[in-house]
Each structure stands twice: as C-alpha cells, then as structure tokens.
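Working notes, beginning with the structure itself.
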Amino acid sequence: MATPLTVLVLPALAALLAAATGARAPPRSIAVVGAGLGGSAVAYFLQQHFGPQVQLDVYEPVGVGGRLATVTVNKQQYESRGASIHALSLHMQDFVKILGLKHRREVAGKSAIFSGEHFVLEETDWYLLNLFRLWWHYGISFLRLQMWVEEVMEKFMRIYKYQAHGYAFSSLEELLRSLGGDAFVNMTQRSVAESLLEVGITQRFVDDVIAAVLRSSYGQSVLVPAFAGAMSLVGAQGSTWAVEGGNKLVCSGLLKLTKANIIPARVTGISLHSSEGRALYQVHYEGSEGQASAFYDMVVVTTPLHPSRSNFTFENFEPPITEFPGAFQPSVTSVVHGYLNSSYFGFPDPKLFPFASILTTDTPDLFFNAMDNICPVNISAAFRRKQPQEAAVWRVFSQQPLDKQQLKTLFRSYYSVQVTEWQAYPRYDAAKSLPPIVLHENLFYLSGVEWVASSMEMIAVAAKNVALLAYNRWHQDLEKIDQKDLMHKVKTEL
C-alpha cells in the first residue's frame, strides 16, 4: 500500500520531470467504466503508456470478467460464454504470456451440422475424407471461402504492426480504412452472404455451412455484415485455444497487474466540467453505500451505450452526446448436466452418437442455434470426454429460454439446468453507421468496436487503439493519429 508521502511526492516528481523535458504531465486519474475484457485490457494498455503513477479507477457493478463467465456443475467450472480464442489472436496470446497463464489442453471432438431432420454435414476422424465430403457436397466453395477469409485476415494482421509503432485511429472507419481501404469499410455495410456469393461460393454452401457458423457464434443469419462474418468464420477455421482455469483469468490478471482500483458500483452518468482551462469529467455512480461521484482527467467507457444495455446520462456536453442507434441480440445459454437424447438426431443407440458439437442451419422449426459437450476449465492429464451414453455437461445456445418440452427433446433426462440470459451481440442487420470512438476531448468509447465485429481479440485490438489514441491526443502527437499510407511508413521506420 502506498504511504501518504509516496502519494504526495510521486505526482510532484512526475510534474517536475515533465516540465524539465517540455513534455505534458500525464493525467492524474483515469476512470474505466466496466471490468470485462475491454476494461481490463484498456487499463493495462493505459498504464503501459502513461506510466504506473496514474491513478486507475475501474467501475464494475457485477464482477470482473464481464461476458467471460463460468458456471459450476458438480464442483467443476465450465465456460458459459466466450469459450475459444483463435491462434492468430496476438494480444490475447501476449496477455496469457505476461500473466503466466497456460493454454488449456485440447480434448478432441467431432462436429456436425443439423437441419432439424438430418445431418447435412458430418466431420470424421480422417482429414482427407472431410475434404472429400466438402468437395462432394459443395464443390470448391470451401476453398474459395478459405481464400476469402485468408485475404481479410492478412490485411487485418497489419494492425499489430501499426500499434507496435504507436499509431492510433480516431474512428472505426479510419482504422478499417488503414487496413483494407474502402473495401473494409464497405464490408460493415453489406452482408456476408452477398460478399461470398460474389466470389463464387454457392448458395447451398452459404445456407448450410455459413449460416450454421453464424448461428453458433452470433446467433444471427447470413445477413450479418461481411466483416463481422469474416471474423466469425476465422474462428471456425484453423486452431483455437482457451485459458486453463477460465478465460476470465485474463481480466482479473490484467487488473491485478496494473494495481487498478476496482470500485464495485454502477456508473449512472458523466458530466463535463473544466479546471484550469482543461476538461474535467465527473463520474456519477451508485454502489452499496448509495450515490457518489469522482473527478477524472480522462474516462474510457467499455460498456455498451445503448438504451437496452445501459441508462447512461451525459451532462454539460456541447454538442450533446446522444443515444446510439441499433439494438442488441438476445441470447440464452443453457448449461445442462444430463443424458443426450441421441434419437432426436437419428441415433437410437446413444453409444453410436459420435459428435461433441452440433451446429444448426437456419430452419424455422429449430429452437436452438448450437450445442456442444463442454469440458471443465481445468483439465487434468487423465481427463477424458464423457462417452455419448453417459451423463455429460452440454452447453446449448438459443434465442429464447428452453421450455421443458424442448429440454425433453434434447435430453432423455438431466440433473441440472443453469440458464444465463444476456444481450449478447449487436443485432447487425440494424446497424446503419459505426459508433464513434472519441465522445469528447478525453472521453473515449471502446465498445463501439463490436459493431464492426465481436470477439475477444477485436476488443483487445480496440483497447490498444483507445490507449494509444488517448496517449497521442494527450501529448498532441498528431503524427501518430489517422495517418495515411501506414504500410509504407512502418516499413521506413524499421
């Protein structure tokens, strides 16, 4: 714990050093609203750039981790939401390394796509047979898809070079344009189905495979924008991983590393004041001891600013900060400990059911989007996946809570059902424009990135961008903001 002398001396020394070098002193205090992955990552990146002397207050009413939550079944914890991380998620890889965490051991399991009546595609243990089945059903559509996704990802990966050199972007459009030009911006306004059909992928492949992946990830149809679709399809290809002990350990670990002050309260609004000619933000919050407020030089909001998700108010801002358009997609996760009703899927003998993951096509009568036989967040060397005839822990994604008849359809019997309802992702077909990043001089909005695409790595990228943007704006380093032709600039800086 810091002594009173340290608290007084360190800011004074920082101010003297800044004056001697001609640099602007760092902010004295920064508020971060939300302690999910976005909040914990931006707190970490802000401290990296501004230094450890900055006071970081993180407001979180529910619990650290946000959507990276777990549920307990038979004294074992299981991921209830954000479960897998792609191998190319470089910021998430760095977090795990910095925090001394480990990758969870992979437990193999086959997947299939279900139409409500039969399986339209089944994975086998043989890679070549899987390729043959894809070619037999869909021609070269799967190859065209892979090429399309790889082209998007190759350009997206440029963001890590830009961020390593300190470049930031003041809007989501500028960020996308720096990576893939106007084509990337346009990908937020046209559907993934339209984009894939344009590159020669068949309607059947879109209806069967693409729809199943998007229902599993976003709970939405092939009308989601192409960029969000591409990020989801990246996760469906190649290798993925998860954190041993639960992905939420990344959030708690980053906040512990930054020694951020976590305030268990709900932020109700932000009002603008001025002090010595500079902006000062008053954060109003409500906790167990009632209402209170505190002043900050800088604020980063990492919770969604939409009427369905928050009751935020902004006061004294000119022009006023208005409500953001758009809606969020409701999602229900049911973690069921029970015996699968394999007969519903065409397997009267449970012992013969081969799949650990079931995706579904966009069929009106289907009442669930996807389900998978999940493993605990701590996997011992001796752990084995349950046999299909045994009671196992299944996670079912649906848009509405499952009623008893629907549970009976999926399971012969069950011991427990734990239901989590949440406003999961933006409803992408309702998006007309992308939300801003800069709400005021030193007031930033991180969660708007979800309207481009929603994944752990997208949020981490946005957190790094906001931290760099805040730092560059604070020090008036305009050469590091919204620069054109960055690929050429980065090459010449090497």
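The values are calculated or read from the model by the stated rules, or taken from the named source; none is laboratory data. Note that this is a predicted model, so its numbers are computed, not measured. Note that we place each Cβ from the backbone using ideal geometry, even for glycine, and neighbour counts take in every protein chain shown. For accessibility, only protein heavy atoms count, side chains too; no ligands or nucleic acids. Shrake-Rupley method; radii C 1.70, N 1.55, O 1.52, S 1.80 Å.
Please go through region 287-300 and pick out each residue that is modelled with pLDDT under 95 and either open to solvent by less than 80 Å² (accessible area, probe 1.4 Å) or among the basic types (Lys, Arg) (or both).
Across region 287-300, the qualifying residues are GLY287, GLY290.
Could you tell me which residue of region 68-119 is nearest to the chain's Cα centre (by Cα), considering only residues that are closer than 30 Å to ALA463 by Cα and aromatic (Phe, Trp, Tyr)?
Among those residues, the one meeting the criterion is PHE95.
What is the residue count in region 186-208 for residues that are open to solvent by 20 Å² or more (accessible area, probe 1.4 Å) and β-branched (Val, Ile, Thr)?
2
Within the set of pairs 6 or more residues apart or between chains, which connect a residue that is in contact (Cβ under 8 Å) with a residue 60 or more places away in the chain inside region 251-266 to a residue that is of a type in the set (S, T, N, Q) and open to solvent by less than 30 Å² (accessible area, probe 1.4 Å) with Cβ atoms less than 9 Å apart?
Within 9 Å, the pairs are CYS251/SER40; SER252/SER40; GLY253/SER40; LEU254/SER40; LEU255/SER40; THR258/SER40; ALA260/SER40; ARG266/SER310.
Quickly run through region 109-132 and pick out the residues that are open to solvent by 50 Å² or more (accessible area, probe 1.4 Å), farther than 30 Å from MET187 by Cα and either without any contact (Cβ under 8 Å) to a residue 60 or more places away in the chain or aromatic (Phe, Trp, Tyr) (or both).
Listed by number, the residues that qualify are GLU117, ASP125, TRP126, TYR127, LEU128, LEU129, PHE132.
Each row is one residue, and each column tells you yes or no for (1) outside any helix (DSSP H, G or I); (2) in contact with a His (Cβ under 7 Å, 6 or more places away or on another chain); (3) within 30 Å of ALA391 (Cβ to Cβ).
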position: GLN47; (1), (2), (3): no, no, no
position: GLN53; (1), (2), (3): yes, no, no
position: LEU56; (1), (2), (3): yes, no, no
position: GLY63; (1), (2), (3): yes, no, yes
position: ARG67; (1), (2), (3): yes, no, yes
position: THR72; (1), (2), (3): yes, no, yes
position: TYR78; (1), (2), (3): yes, no, yes
position: ARG81; (1), (2), (3): yes, no, yes
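Filter region 380-412 down to the residues that are under 21 Å from ALA83 (Cα atoms) and among the small types (Gly, Ala, Ser) and list them by number.
SER380, ALA381, ALA392, SER398
How many residues are assigned to a strand (DSSP E or B) and among the small types (Gly, Ala, Ser) when one looks only at region 103-157?
Keep residues of region 103-157 that are assigned to a strand (DSSP E or B), which gives 103, 110-114, 119-122.
Pick out the ones that are also among the small types (Gly, Ala, Ser) and you get 111-112.
Going through region 103-157 one residue at a time, the tally reaches 2.
Here is a check on your reading of the model: is GLN189 over 30 Å from ALA108 (Cα atoms) and modelled with pLDDT of 95 or more? So that I can check it myself, show each step before the final result.
Details: over 30 Å from ALA108 (Cα atoms): yes; modelled with pLDDT of 95 or more: no.
Taking the combined requirement at face value, the residue does not satisfy it.
Within the set of pairs 6+ apart or on separate chains, which have a first residue in region 299-323 that is free of Cβ contacts under 8 Å to residues at least 12 places away in the same chain, a second that is open to solvent by less than 90 Å² (accessible area, probe 1.4 Å), and C-beta atoms under 6 Å apart?
SER310/THR303
Tell me, please, whether a residue that is touching a His at 6+ places or on another chain (Cβ under 8 Å), within 30 Å of HIS165 (Cβ to Cβ), modelled with pLDDT under 95 and open to solvent by 40 Å² or more (accessible area, probe 1.4 Å) can be found in region 23-39.
Filtering region 23-39 for residues touching a His at 6+ places or on another chain (Cβ under 8 Å) gives 23-24.
Filter once more, so that each one left must be within 30 Å of HIS165 (Cβ to Cβ): 23-24.
Filter once more, keeping what is modelled with pLDDT under 95: 23-24.
Now drop any that are not open to solvent by 40 Å² or more (accessible area, probe 1.4 Å), which leaves 23-24.
Among the residues of region 23-39, at least one is touching a His at 6+ places or on another chain (Cβ under 8 Å), within 30 Å of HIS165 (Cβ to Cβ), modelled with pLDDT under 95 and open to solvent by 40 Å² or more (accessible area, probe 1.4 Å), which makes the answer yes.
With VAL466, VAL438, VAL461, VAL417 as the choices, which residue is within 15 Å of LEU175 (Cα to Cα), open to solvent by 20 Å² or more (accessible area, probe 1.4 Å), modelled with pLDDT of 95 or more and among the aliphatic types (A, V, I, L, M)? Let's see the steps before the verdict.
Numbers: VAL466 fails: open to solvent by 20 Å² or more (accessible area, probe 1.4 Å); VAL461 fails: open to solvent by 20 Å² or more (accessible area, probe 1.4 Å); VAL417 fails: within 15 Å of LEU175 (Cα to Cα).
Criteria check complete, one pass: VAL438.
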